[in-house]
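Bear in mind that the values in this text are calculations on the coordinates, not laboratory data. Values in this document were obtained by computation on a predicted structure and should not be read as measured data. Here Cβ is always computed from backbone atoms with ideal geometry, including for glycine, and neighbour counts include all displayed protein chains.
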Amino acid sequence: MGYTVFLDRDGVINRDSSEYIKDPSEFVFIPGSPEAIALLCRKGFQVMVITNQSLIGRNMATRETLEAIFKKMTKGVKKAGGEIMDIFFCPHTPEDRCSCRKPKPGLIMEAQYKYGLALDQSCMVGDSAKDIECAHNAGCSKAVLVKTGNGIIARQALFEKGMTPDYIAADLYDAACWITRNVTR
């Protein structure tokens with residue numbers, strides 16, 4: 001397996017909402033994000049999505065609706081020339097105390113097990129402190145924070161925890177450019 005880039009979804013690939021993304025019509029790409037994934041793919045990186053989706057545990061949407069949202073995302077990425085290799089999601093609420101909800105590394109470990117990934121050859125891109133913590137907890141070699149979504153708030157939270165991402169990007173396209181320049185496959 002080659003170098004893997006794990007992406008958070010909400011706030012990284014698409015616009016986030018405090019009301020959750022409950023329907024495919026609410027899924028709106030952040031400008032440049034499908035092209036960013038296509039760039040990573042063209043440069044030989046495999047891209048996977050790692051996302052907390054507690055709207056399932058909160059009974060705000062069904063798994064079928066979530067799959068329809070994922071389908072809209074993957075079709076948009078494919079149209080731009082990219083491919084999402086797989087999507088791993090946590091359906092639980094924070095109160096469930098599961099092992100898959102970020103910042104715990106369960107979703108990345110599931111991807112590692114399924115594909116035999118070398119996590120020292122992986123990077124996590126996210127917009128929250130939980131994403132960067134997850135990358136560290138899983139043993140990813142790099143962690144990139146994007147300013148879209150909750151990135152500005154996350155930067156302060158990480159500072160307070162004494163954690164720093166390897167790069168702070170304006171958006172996913174900026175992150176993809178940094179990864180293609182600074183990570184050897």
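Considering segment 105-174, the qualifying helices (runs of 4 or more DSSP H), each wholly inside and each with 2 or more residues that are more than 15 Å from ASP8 (Cα to Cα) and not hydroxyl-bearing (Ser, Thr, Tyr), run over 106-115, 151-161. Do we find a residue being closer than 23 Å to PRO24 by Cβ and either in contact with an Asp or Glu (Cβ under 8 Å, 6 or more places away or on another chain) or of a type in the set (Gly, Ala, Ser) (or both) anywhere in segment 149-170? The answer is yes, given that some residue of segment 149-170 is closer than 23 Å to PRO24 by Cβ and either in contact with an Asp or Glu (Cβ under 8 Å, 6 or more places away or on another chain) or of a type in the set (Gly, Ala, Ser) (or both). Of the residues in segment 27-48, at least one is out of contact with any Leu (no Cβ under 8 Å at 6 or more places or on another chain) and on the phi > 0 side of the Ramachandran plot.
Of all residues in segment 75-104, those satisfying the criterion of being β-branched (Val, Ile, Thr) and either surrounded by fewer than 18 Cβ atoms within 10 Å (Cβ to Cβ) or in a strand (DSSP E or B) (or both) are ILE87, THR93. A residue that is farther than 24 Å from ASP174 by Cβ, in contact with a strand residue (DSSP E or B) (Cβ under 8 Å, 6 or more places away or on another chain) and either aliphatic (A, V, I, L, M) or touching a residue at least 12 places away in the same chain (Cβ under 8 Å) (or both) occurs nowhere in segment 26-44. For segment 156-175, a residue qualifies if it is closer than 23 Å to SER17 by Cα and buried (at least 18 other Cβ atoms within 10 Å of the Cβ), and the qualifying residues are LEU158, ILE168, ALA169, ASP171, LEU172, TYR173, ASP174, ALA175. Restricting attention to segment 31-60, the residues that are surrounded by 21 or more Cβ atoms within 10 Å (Cβ to Cβ) and in a loop (DSSP other than H, G, I, E, B) total 2.
For segment 120-170, the candidate set comprises residues that are in contact with a Gly (Cβ under 9 Å, 6 or more places away or on another chain) and of a type in the set (S, T, N, Q); within that set, the residue that is farthest from ARG181 (Cα to Cα) is ASN150. Every condition in (1) surrounded by fewer than 17 Cβ atoms within 10 Å (Cβ to Cβ); (2) touching a residue at least 24 places away in the same chain (Cβ under 8 Å); (3) of a type in the set (Gly, Ala, Ser) is met by ALA111 except one, and the failing one is (1). Give me the residue from segment 142-165 that is touching a residue at least 40 places away in the same chain (Cβ under 8 Å) and in contact with a Leu (Cβ under 9 Å, 6 or more places away or on another chain) and, out of that set, nearest to VAL125 (Cα to Cα). Among residues in segment 142-165 that are touching a residue at least 40 places away in the same chain (Cβ under 8 Å) and in contact with a Leu (Cβ under 9 Å, 6 or more places away or on another chain), the one nearest to VAL125 (Cα to Cα) is VAL146. With the structure loaded, tell me whether ILE179 is under 15 Å from the mean Cα position of the chain (by Cα), aliphatic (A, V, I, L, M), surrounded by 18 or more Cβ atoms within 10 Å (Cβ to Cβ) and more than 30 Å from GLY57 (Cα to Cα) or whether it fails that test. Against the criterion (under 15 Å from the mean Cα position of the chain (by Cα), aliphatic (A, V, I, L, M), surrounded by 18 or more Cβ atoms within 10 Å (Cβ to Cβ) and more than 30 Å from GLY57 (Cα to Cα)), ILE179 qualifies.
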